[in-house]
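Report on one structure; see the data block that follows.
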Amino acid sequence: MALAIFDLDDTLINGDSASLFLQFLVNHGLADASMLAKEAELMQAYHQGLLQMEDYMSFTLQALKGCSIDEVGQWVADFIEQMIAPIVFAEARQVIAKHHAQGDRVLIISATGDHIVGPIARFLGVADFLAIELASQAGLYTGQTEGVLTYQQGKVLRLQAWLQKEGESLADSSGYSDSKNDAPLLSVVSHAYAVNPDAALRDFAIKRKFTILLWCNFL
């Protein structure tokens, strides 16, 4: 059994789930609309590979501070139905299904919070995921994160810990991502796929002879 590792945002879905969730919160009066401009600035830094993920999480999690885990879970369920389901790449579903049919173990690793990634992974039929872990106390989100953030090299660190815990290996593994931020992750798998890559990842993929995939269809 081989491991198939997928990034989430702009890889399995045509968009960024964290940005879209903030928009969802604003649309439903659950977050201040003024947050959108600052979040857009932070996302620009992300696409340039310059974002300090701690800054992004600290800012965006202001909207969830003091909210109950159960309440946010319902928001996320509605969010997936309304905003995520329509933007899942058909090719992503097909490739996940192919790996499952081959008996591979599928893992999603995302630099988005686990409150979003976990439910989306389940929606996509994927049991295993690694994401940024949100801190909570007495069933309420604190607005903070904990542990190593699954971002850039942090994805590799969390993956290595997961491999050891699960007794898995990267032998004959596959990795899929759209972003140069995931160059460290794609560099450790056996078969790397650049999905709709940004310019920096495209150059890196060509240099490293990664397979480039163009996904554009929706179910």
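The numbered conditions (1) farther than 12 Å from residue 5 by Cβ; (2) over 15 Å from the mean Cα position of the chain (by Cα) are all true for residue 153 except (2). Any residue at all in the range 103-121 that is closer than 21 Å to residue 216 by Cα, assigned to a helix (DSSP H, G or I), modelled with pLDDT of 95 or more and over 15 Å from the mean Cα position of the chain (by Cα)? No, there is no match, as no residue in the range 103-121 is closer than 21 Å to residue 216 by Cα, assigned to a helix (DSSP H, G or I), modelled with pLDDT of 95 or more and over 15 Å from the mean Cα position of the chain (by Cα). For residue 37, indicate whether it is exposed (fewer than 13 other Cβ atoms within 10 Å of the Cβ) and either assigned to a helix (DSSP H, G or I) or of a type in the set (D, E, K, R) (or both). So residue 37 fits the description; yes. Residues in the range 159-183 that are charged (D, E, K, R), without any contact (Cβ under 8 Å) to a residue 60 or more places away in the chain and surrounded by 13 or more Cβ atoms within 10 Å (Cβ to Cβ): there are none. Residue count for the range 42-65 satisfying the condition of being surrounded by fewer than 16 Cβ atoms within 10 Å (Cβ to Cβ), in a loop (DSSP other than H, G, I, E, B) and at pLDDT below 95: 4. Contact map, the range 70-83: first residue over 15 Å from residue 27 (Cβ atoms), second residue at pLDDT 95 or above, Cβ cut-off under 7 Å, separation 6 or more or different chains; pairs are 72/64; 72/115; 72/141; 77/119.
Within the range 1-25, the set of residues being farther than 23 Å from residue 135 by Cβ and part of a helix (DSSP H, G or I) comprises just one member, 23. The residue pairs whose first member lies in the range 192-216 and is on the phi > 0 side of the Ramachandran plot, whose second member is at pLDDT 95 or above, and whose beta carbons are closer than 7 Å, counting only pairs six or more residues apart or on different chains, are 196/10; 196/178; 196/214; 196/215.
None of 116, 69 is crowded, with 18+ Cβ neighbours inside 10 Å and either in contact with a Ser or Thr (Cβ under 6 Å, 6 or more places away or on another chain) or aliphatic (A, V, I, L, M) (or both) except 116. Please specify each residue of the range 135-150 satisfying the condition of being in contact with a Ser or Thr (Cβ under 9 Å, 6 or more places away or on another chain) and either crowded, with 21+ Cβ neighbours inside 10 Å or β-branched (Val, Ile, Thr) (or both). 141, 142, 145, 150, listed by residue number.
The values are calculated or read from the model by the stated rules, or taken from the named source; none is laboratory data. Source: prediction; values computed, not measured. Counting neighbours? That spans all protein chains shown, and the Cβs are built from the backbone with ideal geometry, glycine included.
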